[in-house]
1. Taking the residues in segment 29-82 that are surrounded by fewer than 13 Cβ atoms within 10 Å (Cβ to Cβ) and charged (D, E, K, R) as candidates, determine which candidate is modelled with the highest pLDDT.
2. Which of the residues that make up segment 118-136 are in a loop (DSSP other than H, G, I, E, B) and of a type in the set (S, T, N, Q)?
3. From the list 83, 64, exactly one residue is in contact with a Gly (Cβ under 8 Å, 6 or more places away or on another chain) and under 21 Å from residue 24 (Cβ atoms). Which is it?
4. Looking only at segment 8-48, which residues are in a helix (DSSP H, G or I) and among the β-branched types (Val, Ile, Thr)?
5. Could you list, in sequence order, the residues of segment 117-149 that are open to solvent by 60 Å² or more (accessible area, probe 1.4 Å) and either under 14 Å from residue 27 (Cα atoms) or among the hydroxyl-bearing types (Ser, Thr, Tyr) (or both)?
6. Which ones in segment 98-112 are buried (at least 17 other Cβ atoms within 10 Å of the Cβ) and over 10 Å from the mean Cα position of the chain (by Cα)?
7. Spot the failing condition for residue 139; the list is (1) more than 25 Å from residue 17 (Cα to Cα); (2) assigned to a helix (DSSP H, G or I); (3) touching a strand residue (DSSP E or B) at 6+ places or on another chain (Cβ under 6 Å), and only one is missed.
Amino acid sequence: MPLELRLEPVTKQNVVAACRLKVRPDQEDLVAPVAWSLALAYTMPDIAWPRLVYVGDRLAGFVLAAFAPHQENPLYHSFLLRLNVDAEHQGRGAGRFAVEAVCQEARLRGNHRLTVSYLPGQHGPDGFYRRLDFQPTGAYLQNEVVAERSLS
């Protein structure tokens, strides 16, 4: 029987465990640590959507999205900012679950697309996002590939 995947908000009870979450060593230069992402979320509480991914009772990942429908640049209307999946949980569905949860939240908020940006490279997430129907737009954001997924 597969383990239950679920999202939980970041709380004072789980924030330390969240900050200890580690991606694979070859990915450390591709995604900011969870603590940095939580600091970023703290600076924009009106648009930030930080969540933790659990597999059963074990912390497996962190996702941070931003929903800013009034931003002039539509890139930020529904944006997946960070996805960190613990090294030992990679390849088991936690990342896919987190992205699908962000897509669901974006739809609930009336968005028709979700945007993400990521660093290209051998160990980068390009293949992962393409498998989840994100298509590169040809644009770059601070040297990161910008990709989007239609939610229609």
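The values are calculated or read from the model by the stated rules, or taken from the named source; none is laboratory data. These figures come from a predicted structure and were not determined experimentally. Every residue, glycine as well, gets a Cβ built from its backbone with ideal geometry; the counts of neighbours run over all protein chains shown. For accessibility, only protein heavy atoms count, side chains too; no ligands or nucleic acids. Shrake-Rupley method; radii C 1.70, N 1.55, O 1.52, S 1.80 Å.
1. Across segment 29-82, the extreme among qualifying residues is 46.
2. Of the residues in segment 118-136, the ones in a loop (DSSP other than H, G, I, E, B) are 119-125, 132-134.
The one that is in a loop (DSSP other than H, G, I, E, B) and of a type in the set (S, T, N, Q): 122.
3. 83
4. Going through segment 8-48, the residues in a helix (DSSP H, G or I) turn out to be 15-20, 25-27, 34-43.
Scanning segment 8-48 gives 15, 16, 34, 43.
5. Selection gives 120, 122, 123, 137, 140.
6. Within segment 98-112, the subset buried (at least 17 other Cβ atoms within 10 Å of the Cβ) is 98-99, 101-103, 105-106, 111.
103, 105, 106, 111 - these are the residues of segment 98-112 that are buried (at least 17 other Cβ atoms within 10 Å of the Cβ) and over 10 Å from the mean Cα position of the chain (by Cα).
7. It is condition (2) that residue 139 fails.
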